[in-house]
Amino acid sequence: MVEPVNNQTNLPGREPQRRGTAMRAYTRQEAATHSPSAAPRDEVSIMGIPQRDLTPPVQVALQQLMAEVHDLRQQNDGLKNRVRELEGLADTDPLLPVFNRRAFMRELKRILAFATRHNMPASLVYIDMNRFKAINDEHGHAVGDAALKHVVNVIKDHIRETDILGRLGGDEFGVLLPAADAKGAEDKAKHLEAIIAAHPLRLTGGRHLPLSITYGLRTFTDAPDAEAILAEADARMLTRKSYQTQRDR
């Protein structure tokens, strides 16, 4: 006697269908697990160290390391500031708040290169204080220093921020006028000459010490070198001073 078949799992075609369904479900699950678009697990880290590895000793070591890095950055900033201070001292005249000769010549070379490259005129005004030796002899070197400072302050108050003032030695100064042609430089030099003569140095006791300057000009778009420009401006100043001396006799 043949027993009736009640188990549907034994029916033809049922088992392959279930196996195929399970296979498709597994494939979907595997694809979801390995899909590039699947959201990664968030993992907190400090300085590249996973949180699970941040044991108390590691945390202490990290804190010490960060403190050392902070101290090194502060020391580095301090050294940079010190370097800037030393560079400023190396460029500044020891008595007056202007460039010294070395720094002024560096700026003259820079302006000459710019003028040559762009075919743009620039000018140098070479200034010499009149009767400076007599001031020192008659009033002392303290008054002589005060006279130098007074002249520098007057000049600085009447030149542009882009102009460059330097002490070339003793009572001689140079003023660089970028983008100034011969006429513009002449007008500026005459103005400086007049404004210094109009503002004598005040001495103790209400006395006034008259001051004056003589200048020489050199306008350039190119030149053999910066020293040649300076020498020619100096020569023109000396020629002008000689003419004024003969005129005043």
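The values are calculated or read from the model by the stated rules, or taken from the named source; none is laboratory data. Keep in mind the model is a prediction, meaning the values are calculated, not measured. Methodologically, a virtual Cβ is constructed for each residue, glycine included, from the backbone with ideal geometry; neighbour enumeration extends over all protein chains shown.
Is it the case that some residue within the range 147-164 is in contact with a helix residue (DSSP H, G or I) (Cβ under 7 Å, 6 or more places away or on another chain), without any contact (Cβ under 8 Å) to a residue 24 or more places away in the chain, farther than 30 Å from THR221 by Cα and part of a helix (DSSP H, G or I)?
The answer is no; no qualifying residue exists.
Could you tell me which of the residues ILE135, ILE195 is touching a His at 6+ places or on another chain (Cβ under 7 Å), assigned to a helix (DSSP H, G or I) and more than 17 Å from ILE111 (Cα to Cα)?
ILE195
Would you check if VAL175 is β-branched (Val, Ile, Thr) and in a helix (DSSP H, G or I)?
When the stated conditions are applied, VAL175 does not pass them.
Quick check on this structure: which one of ASP163, ASP171 is surrounded by fewer than 20 Cβ atoms within 10 Å (Cβ to Cβ), under 24 Å from ALA90 (Cβ atoms) and either basic (Lys, Arg) or modelled with pLDDT of 95 or more (or both)?
ASP163
Criterion first (touching a Leu at 6+ places or on another chain (Cβ under 9 Å), under 22 Å from LEU95 (Cβ atoms) and of a type in the set (Asp, Glu)) does ASP137 satisfy it?
Considered against the rule, which asks whether it is touching a Leu at 6+ places or on another chain (Cβ under 9 Å), under 22 Å from LEU95 (Cβ atoms) and of a type in the set (Asp, Glu), ASP137 comes out as no.
For the range 94-139, give me the residue count where each residue is in contact (Cβ under 8 Å) with a residue 24 or more places away in the chain, under 25 Å from the mean Cα position of the chain (by Cα) and surrounded by fewer than 13 Cβ atoms within 10 Å (Cβ to Cβ).
Total meeting the criteria: 2.
Out of all the residues in the range 182-211, which are more than 20 Å from LYS133 (Cβ to Cβ) and either in contact (Cβ under 8 Å) with a residue 60 or more places away in the chain or outside the structural domain of ASP137 (by TED's automatic domain parsing) (or both)?
Hits for the range 182-211 are ALA182, GLY184, ALA185, LYS188, ALA189, LEU192.
Report, by residue number, each residue of the range 111-132 that is of a type in the set (A, V, I, L, M) and either part of a loop (DSSP other than H, G, I, E, B) or touching a strand residue (DSSP E or B) at 6+ places or on another chain (Cβ under 6 Å) (or both).
Passing the criteria: ILE111, ALA115, MET120, ALA122, LEU124, VAL125, ILE127, MET129.
Can you tell me which residue is surrounded by the fewest Cβ atoms within 10 Å (Cβ to Cβ) among those in the range 212-232 that are in contact (Cβ under 8 Å) with a residue 60 or more places away in the chain and over 14 Å from LEU112 (Cα atoms)?
Ranking the qualifying residues of the range 212-232, first place goes to SER212.
Among what's in the range 217-247 and is in contact with an Asp or Glu (Cβ under 7 Å, 6 or more places away or on another chain) and outside any helix (DSSP H, G or I), pick the residue that is nearest to VAL125 (Cα to Cα).
Applying the filter and picking the extreme gives LEU217.
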